[in-house]
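Comments concern the structure below.
The values are calculated or read from the model by the stated rules, or taken from the named source; none is laboratory data. Note that the structure is predicted; figures quoted are calculated from it, not measured. Cβ sites come from the backbone with ideal geometry, for glycine too, and all protein chains shown count toward neighbours. The protein model used for the area step is the full one, side chains on, heavy atoms only, and it has no ligands, DNA or RNA in it. Shrake-Rupley method; radii C 1.70, N 1.55, O 1.52, S 1.80 Å.
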Amino acid sequence: MTPEYLALLQAQAQSQARYHQAQQPGQYAEIPQVQAGHGHHHHHEEEGQALDAPDRDSSAELQASVSSSQSPLTQGHHHHHHGSHKHYDQKPLPGGGGGRGGEYPQLNHTPGAKWIKHLTRSRLDTFTGGHYSDVNLSSVLFERRESGSEWVKLRVWSAPGLSKPSFEEAVGQKFRSAKKGDSFGPSWTNHWWKITVYIPEEFKQYERVQFEFDPGCEAMVFSTDGTPLQGITGGFGGDRRVDHIIPRSAIKAGVYEFVVESSCNGMFGVPWNGDTIAPPDMNRYFTLASADLVVPNQEAWRLLWDFEALKQVVESVAGNTVLQNKALIAANEIMNVFGRGDKAGIKRARKLAEGVFGEGWEEKGAKIYEEGVGRASVWGIGHCHIDTAWLWPYRVTQQKVARSWSTQIDLMERYPEHRFAASSAQQYKWLEEQYPKLFEKVREKVKEGRFHLVGGSWVENDSNMPSGEALVRQFLYAQRFFESRFGVRCETAWLPDSFGLTGALPQLIRGAGMKYFFTQKLSWNNINTFPHSSFNWVGLDGTQVLCHMTPVDTYTAQATVGDVKKGLENHKNLESSDTALLVFGNGDGGGGPLNKMLENLRRIRAVTNTHRELPPVSMGSSVDEFFCDLEEHTDEGRKLPNWHGELYLEFHRGTYTSHGSIKKGNRHSEILLRDVELLATLASVKAAGGYVYPKKEIDECWEKVLLNQFHDVLPGSSIGMVYDDAEKLYAEVKSTGEALLEEALSVLFPSSAPLVPSPVTNAKLHARILSASTKLVAFNTTFFPRVEVVKVPLSKMTKEVKSMVLQASEDGRDGYAVVACAEGAAVGEVVSPSNRLRSKLMPVSVYTNGSDHFVMRNSSVQLTIADGRITSLLDVKTDRELISKGQTGGLVIFQDRPNYWDAWDVEIHHLEVSEQLKFENVSVVSQGPVFGAVRAEVKYGKSTIVLTISISATGATTRDGSRSLFNFDAQVDWHQRHEFLKFELPLDIHSDHATYETQFGHLQRPTHKNTTWDMAKFEVCGHKFADLSEFGYGVAILSESKYGFSCLGNVLRISLLRSATAPDAEQDQGEHHFSWGVYPHTGGFLESDVPVAGFLYNSPIRGTFIELLFDVAANALTHRPPFTIEGSRNVFLETAKRGEDDSFDDPGKNTLVVRLYEAYGGHGTVALKISRHVPVVKAFLTNLLEDHEEELEIQKVEDTASLVESGPEASASVKLRFRGFEVKTVKLVLGSNDDLASSLESVKEEVTYPPPPAEKRLVDF
């Protein structure tokens, strides 16, 4: 043995001793010194015999093994001197030190032991698999393999088409014989296997017997009673899981029966060309590669895990450290002693590994985590990120959930330290409905504290595009589900893969009963590196959550040494926190942790128990416990940095626009359900027991909308099959919602018919009502007053309706009338033509000088189209031109070829290649005076765009001085590929920032490129508006279904259509119908009415025909709103619904819930006025889950004077104070149904109502 090698081992031993003496003084009293010499070194040692040494430890064993194997490090040192040996007395060392030197030989005839380290490292790759798989470790991983018919009996039944039968349905079918090597398909089909295994007597001697089933795709193993046992992932990827352990009882019995469902898709679907995000191959067939009874060589597998752990240490730990060299030496010597892979060789090899892991480490099992440091730096938690849909449809996800979660429960039985976290209430609900036996197992593990609920949301939703109310419902529905099924709520919000996070979330997370938040997607930023790992995320309103963005930079870690090491090395703020969450397990397509990951973590912990080069990893804790520890050790977050506002992802910016029909379905469904809830609430109060609030139907609709808000569905980044399903869900919501609307309106307005019939409208009733004497009313489902021009079909209209029309269309089919709604959440009527009405309107005119110059104007604004472009946008009242000199507005096409993620990304370089499109065949279709419009066509490539640009004689809002908006209604037949359609306005406005609506508020983003952080926001998400303002004036673009915007310099744009081809080859191809508005306004944004204009633009008036004799004023719940707000104009009331805990069978439990928010970013105080026909007995402030937080004082209105002051119908008032962007939920507890009926009757008996004060009459005709 060479002196160099001896010195290295001695240095390692001494370093290890010093470390442990520092950690636990006195425990390591003596470290044996390695002696170089020949007195005790026999020329012919027994194989594996160790050197003699006092108090031999694992280091000495390692030396002995190395000595006997003649590695490159020790070759030549087996040359021995013969004859007597001199012994020297111990003498003081030079310099006065004491000690005894070794018997250092005088002569040296060896070549030395200098190694070529990089070649030794490369050698490790040859020990498993590859070219030498017939002689290396891979050759001995199995002791027996049998697949003949005498051992395995296979029968199969293929489900028809794309059906997904239940276990009970499948096992009752007629099965046919099958064999290994059979193929089955096509893609997405399901095949059921009945398998009988005959186990020979001699197999009882083995530690483990298992069945290997590899269908090349995903599968699930069931017991014969239908209990899911585990998932199968076929193929040879890193997520391979094909072994099913046969129970000992079956081995004793000699026969084992079970059932397998195989599904013809891989973990990531069936991409047609091997590229993960490619569209699916719809005709893929799979082959049953193995259906074998096998006996694994368990010690060989353990050696494999040993070797892989050592190899990871070598690859991940810094070069030339003690630990890295020690691991490399051990791994190299394992290869030397392995020999032919007999039991003795494997045993010797595993003993060498103990030199790094510690002697006897394996026997400690899960207790290995109880040794070493008390508080670990890296906390491991098993996780299985299952995209609710992505490269596979929803129905496949249902199977993925069962496969993945059953596997984790199986692992928990073998690994006591294993803890597993899973999010998404929708996935739990699917499990409960389709796999009830497995759901009960999950429930048991939750109760044991081993299966952890996280997230608190219905799905891991997109955070950019859902409305504020939809985000509330994500939390509300999920937390109530978890509490009803498991008796607990989530404490940690969990969105690791969402494409950016709105600044509204912190407040909503806290309102949903959580204060912790886990994410990591910003590690994907492609321009700037996010600066924090653990931090306080402070939202728009100042609310904070404790946020951890794992420095491991993934939610699908493989539990490697590199992952653990990255947990600390990549931590951005170790000065304030020194822990990291390791979220490990195969994901996206499911799977979760593998047993090799749990084995690897045990070995890593064993290493860190005796070495300090790696951070210690712990297991057995929950995500909530990690955050509790983080909170405690950072002085409740005071030691942490803050991040204010949105967590903008500098990536996947194209998802604001991809799949436009899905964006439209989302926005329109959200608005529809808001209206349904309001009208159903009013109907339930009015009917006082005669009408049952349709809670079940509303919940089902919301769950469909929430499901489609999953972070790969709403963003438009899934395969086409997903959108087929999503469109069906939106159609169901539309159908159900419209039916519920009509039902509620029929209660509020008996014998009524909708202005625009829906597919659920009773045609005969509709015709009968229209043939009678009718009048048109409109229900305003917003809480703002409004005056609008509505289109009325004139065919078969009564003379009473026709008399209200102020203008007819050129073909005479339609007319235009003005509807005035003086208050929100109440009825408005068509205003009769009169000079007073005309004096309030701004008459419209549209004219042209021929074919290329068109002007649309009223007394507030004017728009000019010349040579196919918008050349002028003029504020008539101030004579201000808004289009920048020398520039034009209109449609523009950009080249759209992202670097890889097609449907996801739009890169900054897309702005470099563009083409302005011109309006063609422009014609006047309506000249005014109430409604004016021009029609234009744009033909580009294979696509056609038909635009109707219109202006009305009313302002965008009822605010004094509100301008009219220009509406752009587009019918598009789209057939472009990799091109991006936008609408742009180059404005004569200068501002360093533009303003965009977000959930429950707005935010500002830069219009310049001062820094890379500013540059990154070249495409951003907004909701109902984007606004560019300076002092005194601004222009907003309003959107009814689009979310992508940008403002670079003075050019304000809205993104309309993309045309990616992956993962959906036909994304956005075909017909589209959408609108946007251009709204010039006086005042800067904070002085403007833009948020109200955007709200109204997205909220259609619900027009209804009613009998002429119906007395609106005598019906309190239609004539006057149930509640109004007075005070600060910056507070909006958006949602009104029945309480979640209402029991409609219990007349004593009636509540109304209203949600309000501050919209401008400042303080405000309002009085929530409650009408006398809503008998409120108590009022509470609640959280978003409707838990009571504070009882509010109700101020009753008693006398006539105060009645008039408070408005004509108020009987009670609640005072509310808001901070900027604050959301408040108020629960109003009502009296019994008898009280409601009595209250309504007393209101009906009144003959007249006191008129509101003049200043409160916002709409006065």
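Fully extending the segment from Ala772 to Thr224, taken as 0.36 nm per residue of separation minus the present Cα-Cα distance, adds 190.7 nm. Taking trypsin sites (Lys or Arg not before Pro) across region 842-882, the ones in a DSSP loop with at most 15 further Cβ atoms lying within 10 angstrom of their Cβ are Lys877. Dividing the mean sequence gap of close Cα pairs (under 8 Å, 6+ apart) by how many residues region 300-357 holds gives a relative contact order of 35 percent.
In the context of the full set of protein chains, the chain has a per residue accessible area of 38 Å² (1.4 Å probe). Every helix of 4 or more DSSP H residues in the chain counts as -39500 (n - 2.57), and over all residues that averages to -8500 deg cm²/dmol at 222 nm. In this structure, the residue pairs whose Cα-Cα separation is over 22 Å, taken from Lys939/Lys1009; Lys400/Lys437; Lys351/Lys566, are Lys939/Lys1009; Lys351/Lys566. Along the positive direction of the dipole of the chain (beta-carbon charges: Lys, Arg +1; Asp, Glu -1; about the Cα centre), which of Leu574, Ala731, Cys384 reaches farthest? Among Leu574, Ala731, Cys384, the one farthest towards the positive end of the dipole of the chain is Ala731. When the charge dipole of the chain is built from unit charges on Cβ atoms (+1 for Lys and Arg, -1 for Asp and Glu) and taken about the Cα centre, the candidate among Thr321, Leu438, Ala767 whose Cα reaches farthest toward its positive end is Ala767.
Using Cβ point charges alone (K and R +1, D and E -1), the dipole size of region 842-1098 about the Cα centre works out to roughly 400 debye. Helix 58-69 and the longest principal axis of the C-alpha atoms of the chain enclose an angle of approximately 60°.
Where nothing but the Cβ of Lys and Arg (+1) and of Asp and Glu (-1) is charged, how large is the charge dipole of region 300-357 around its Cα centre, in debye to the nearest 20?
On the way: 9 positive and 6 negative charges, 56 e Å.
Result for region 300-357 is approximately 260 debye, rounded to the nearest 20.
Scalar couplings 3J(HN,Hα) for region 614-621, obtained by applying the Karplus form with A = 6.51, B = -1.76, C = 1.60 to θ = phi - 60°, are 10, x, x, 10, 10, 9, x, 10 Hz; x denotes Gly and Pro.
With a 1.4 Å probe rolled over the protein heavy atoms of all chains, the accessible area of Asp1089, Asp814, Asp125 falls in the order Asp125, Asp814, Asp1089, largest first.
Scanning residues 5 or more positions from Ala1060 or on other chains, those with amide H under 5 Å from its amide H are His978, with H placed 1.01 Å from N in the peptide plane.
Working from Cα positions, state the angle (0 to 90°, nearest 10) between the long axis of helix 720-748 and the longest principal axis of the chain. Helix 720-748 sits roughly 40 degrees off the main axis of the chain. Dipole of the chain computed with +1 at Lys/Arg Cβ and -1 at Asp/Glu Cβ about the Cα centre; of Leu471, Leu1184, Thr608, farthest Cα towards the positive end is Leu471. Remark: region 1065-1074, residue by residue, has Karplus-estimated 3J(HN,Hα) of 5, 10, 3, 6, 6, x, 8, 9, 9, 8 Hz, where x stands for each Gly or Pro and the curve is 6.51 cos²θ - 1.76 cosθ + 1.60 at θ = phi - 60°. Excluding same-chain neighbours fewer than eight residues apart, the lysines reachable from Lys802 by a Cα-Cα span under 25 Å are Lys764, Lys775, Lys791, Lys840.
Fully extending the segment from Ser834 to Met1015 would add 59.7 nm, taking 0.36 nm per residue of separation and subtracting the current Cα-Cα distance. Summary of packing: across the peptides 991-998, 588-595, the per-residue average of other C-beta atoms within 10 Å ranks them, highest first, as 588-595, 991-998. When both region 382-415 and region 168-245 are represented by their alpha-carbon centers, they are found 17 Å apart. Phi angles across region 1057-1064 convert, under the Karplus curve 6.51 cos²θ - 1.76 cosθ + 1.60 with θ = phi - 60°, into 3J(HN,Hα) values of 8, 10, 7, 6, 10, 8, x, 9 Hz, Gly and Pro given as x. Dipole magnitude for the chain: computed about the Cα centre from +1 point charges on Lys and Arg Cβ and -1 point charges on Asp and Glu Cβ, it is near 880 debye. If each Cα of region 842-1098 is one equal point scatterer, what is log10 of I(q)/I(0) from the Debye formula at q = 0.09 Å⁻¹? Each listed q corresponds, in turn, to -0.37.
Taking a Cβ cut-off of under 13 Å around Ala1060, the surrounding Lys, Arg, Asp and Glu residues balance to a net charge of -4, with basic ones at +1 and acidic ones at -1.
Take Glu1040, Glu1087 and sort them by solvent-accessible surface of the protein heavy atoms, 1.4 Å probe, largest at the top. Please report the intermediate quantities before stating the final value.
Details: Glu1040 25, Glu1087 90 Å².
The ranking, largest first, comes out as Glu1087, Glu1040.
When you filter the trypsin sites (Lys or Arg not before Pro) in region 994-1049 for DSSP loop state and at most 15 other Cβ atoms inside 10 Å of their Cβ, you are left with Lys1009. Distance between the modelled labels on Asn899 and His109, one decimal in nanometres: 6.3 nm (7 Å Cα→Cβ projection).
To the nearest ten degrees, helix 322-337 and the longest principal axis of the Cα atoms of the chain are 60 degrees apart. Per-atom-type breakdown for region 652-748 gives carbon and sulfur 55% of the accessible area (1.4 Å probe, protein chains only). In plain terms, the chain from Leu162 to Glu727 could stretch by 201.6 nm, reckoned as 0.36 nm per residue minus the Cα-Cα distance.
The order of the peptides 1070-1083, 465-478 by mean Cβ neighbours within 10 Å, most packed first, is 465-478, 1070-1083.
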